[in-house]
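I have placed the structure first, in the form of C-alpha cells, so that the comments after it can refer back to it.
Coordinate-derived values only; no laboratory data. Computed from a predicted structure; not experimentally measured. Heads up, the Cβs are rebuilt from the backbone with ideal geometry, glycines too, and the neighbour counts pull from every protein chain shown.
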Amino acid sequence: MAEKMLAVLKKEKSPGAEIDYVEVPRIKPDMVLVKVKACSICGTDLHIYNWDKWAQGRIKPPMIFGHECAGEVVEAGSEVKRAKVGDFVSAETHIPDQTCYQCRTGKMHICKNLKILGVDTNGAFAEYLAIPDICVWKNDKSLPAEIATIQEPFGNATYTVMESNVSGKVIAIFGDGPIGCFATGIARAVGAAKIYAVGEFPFRVELLKKMGADVALSIQKENAVEVIMDQTSGEGVDVVLEMTGVQKAIEDGFKILKKGGTFTAFGIPSDKILFDLSNNVIFKGAKIIGINGRLMFDTWYQLSNILNNKLVDPTPVITHKFPLKDFQKGIDALLSPTKECGKVVLYP
Ligand SMILES: [Zn+2]
Ligand SMILES: [Zn+2]
C-alpha cells in the first residue's frame, strides 16, 4: 500500500486549508482503514476552514478535517468484529467511549465523552481514513458513492423528522441547506400532509421545492410568518423543524407553531438566544425536542431503508462534484454570497 496520501489539512491556527501529502493513517486493533471513494463538505468543515470562534476553541492543528464519507475497507484491526476487508462502508461520525452512562443506556450518540470524526480526530478529506469499528456502517454495494457519503447529514434529517411525528400533520421546515432539503424529502416520504419550507437563497428555495415542499418561501422575498398564518387560517402548523439556529428563524418558528404543537430544534445558534419561554412554550403547551447527531444505529437503519428503497431521491441536493485536489472550488461554491449550491461531493 502507498505510504503517502493526498489530504486536506488544517495546518495553521488561521483561516484556510492546504492540500498536501501526508502519511497514510495507521490503525489501532479496534479500527479499520478505509480507502475513501467519496467525501462531502459539511457546515462544520466551513467553520473549521473559516477558523471561527467555535473552531478556535475546539480544533487542534495540524489535522485532516472532513467527516462525511464512503469507501472500501482495505485493512481491519485484530479486534474488529463487524467490518471486513472489501466492505463498502460509511462512517457514523460520533465516536462514543462505550463506557459512560449514556453509552450504556442506548444513547451513544450523546456520549458524555463524545469525540467527532474530522473534528477531534483526523478526518475524511483524504485518500485513506481510519475509523473505529463501532462507527462503521456497511452500505449496500449498489448505493452510489456520492449518495453513500451524504448519509451522515441525511441521517440528521431522518432523526429530526422521525422524532417529530409528522405523519398527517401540517409542518414547517426552517433552513435551505442540504439538511433542510433532505428533511423536506423525508417528511414528504413519511406522510407529512402539508410542508411549508422556509429558506433564504432563491437557488436553494428551488431545491426545497424539488425535494417536495408544497409551499417554499424565501425570506428575501416574502414574510413567511404572514403567509403561513394566512394559509392556515391563523392556526399555525402542528410541527416546526428548526434547522438554521438563527434567532429570527427560531422566533418565527414559535410564532407559527400551533398551540400544543411540537418544535424540534436541530440548528445550532452561534450564541445564546433570547427566548420567551412563557408565551412560546408554557402557555402554548408546546413540546420541544433537541436533536444531536443520529441514533446509533436506529437512524442508520431507517435512512438506509429510505435510500435503498428509493423513497427519497437526494440527488437534486448534490449540486457540485470535484476531485479532492480541487477542494478549494468546493469551498468557494459553498461560501459564495448567493449560495447557488447544495451539497459538494469530492472524489479522492
Ligand atoms: Zn456533516
Ligand atoms: Zn459514552
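Remarks
Here's the yes/no breakdown for (1) charged (D, E, K, R); (2) farther than 15 Å from L335 by Cβ; (3) within 16 Å of ligand 2 (Cβ to nearest atom):
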residue: T44; (1), (2), (3): no, no, no
residue: N50; (1), (2), (3): no, no, no
residue: Q56; (1), (2), (3): no, yes, no
residue: K60; (1), (2), (3): yes, yes, no
residue: G66; (1), (2), (3): no, yes, no
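- Note on segment 141-181: among residues that are aromatic (F, W, Y) and within 14 Å of ligand 1 (Cβ to nearest atom), the one that is farthest from T338 (Cα to Cα) is Y159.
- Boolean, V198 is within 27 Å of T338 (Cα to Cα) and not in a loop (DSSP other than H, G, I, E, B): yes
- Any hit, segment 287-304, residues being over 25 Å from K107 (Cβ atoms) and either free of Cβ contacts under 8 Å to residues at least 40 places away in the same chain or of a type in the set (G, A, S) (or both): no
- Residue within segment 100-116 that is away from ligand 2 (no atom under 16 Å from the Cβ) and touching a helix residue (DSSP H, G or I) at 6+ places or on another chain (Cβ under 8 Å) present: no
- Every test in (1) within 15 Å of ligand 1 (Cβ to nearest atom); (2) over 27 Å from V80 (Cα atoms); (3) not small (G, A, S) is passed by T184 save one, and that test is (1).
- Residue that is nearest to C181 (Cα to Cα) [pool: residues in segment 229-248 that are crowded, with 22+ Cβ neighbours inside 10 Å and not hydroxyl-bearing (S, T, Y)]: M243
- Just one of the numbered conditions (1) within 30 Å of K10 (Cβ to Cβ); (2) outside any strand (DSSP E or B); (3) of a type in the set (A, V, I, L, M, F, W, C) is not true of L307: (1).
- Number of positions in segment 42-59 that are of a type in the set (G, A, S) and either more than 11 Å from ligand 1 (Cβ to nearest atom) or closer than 16 Å to G16 by Cβ (or both): 2
- Hits in segment 65-120 (condition: among the polar types (S, T, N, Q) and within 16 Å of ligand 1 (Cβ to nearest atom)): S90, T93
- A single entry from V166, V161, V89, V119 fulfils the requirement of being within 20 Å of F266 (Cβ to Cβ), touching a strand residue (DSSP E or B) at 6+ places or on another chain (Cβ under 6 Å) and of a type in the set (A, V, I, L, M): V166.
- The single condition among (1) free of Cβ contacts under 8 Å to residues at least 60 places away in the same chain; (2) crowded, with 18+ Cβ neighbours inside 10 Å that K60 does not satisfy is (2).
- Whichever residue in segment 69-99 is surrounded by fewer than 16 Cβ atoms within 10 Å (Cβ to Cβ) and within 16 Å of ligand 2 (Cβ to nearest atom) and, among such residues, is farthest from L307 (Cα to Cα): T99
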